[in-house]
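Asks: To start, I am sharing the structure in question, which I have written as structure tokens.
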Amino acid sequence: MDSPPNDLDTHALGRAAPGKGLAREACPYAEGTQARTLWLAGYDEALADGAAPVIGGIAQHPVDGGR
């Protein structure tokens, strides 16, 4: 997956996260913030749409095969 544009909102960044090798628990936003709620909602939507979940924070191997 190509990098998402820098102007995406937190929801869109959460949707892109599984494809970038980030686990749900690697959410970069603080507990109790709206940004965290939106990021997690986007992440959960990506999984519901068939994205493979990542376990343990950040994937151990590059998602793009090490390019």
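All of the numbers you see were taken from the coordinates with simple rules; none came from a lab. Values in this document were obtained by computation on a predicted structure and should not be read as measured data.
Asks: Whole-Hz Karplus ³J(HN,Hα) for the stretch 10-21, in order, using 6.51 cos²θ - 1.76 cosθ + 1.60 and θ = phi - 60°, x for Gly and Pro?
Replies: Karplus-based 3J(HN,Hα) across the stretch 10-21 equals 4, 4, 5, 5, x, 5, 7, 4, x, x, 8, x Hz.
Asks: What full-extension length gain, to one decimal in nm, is calculated for ASP49 and GLU31 as 0.36 nm per residue of separation minus the Cα-Cα distance?
Replies: Result for the pair: 4.0 nm of gain on full extension.
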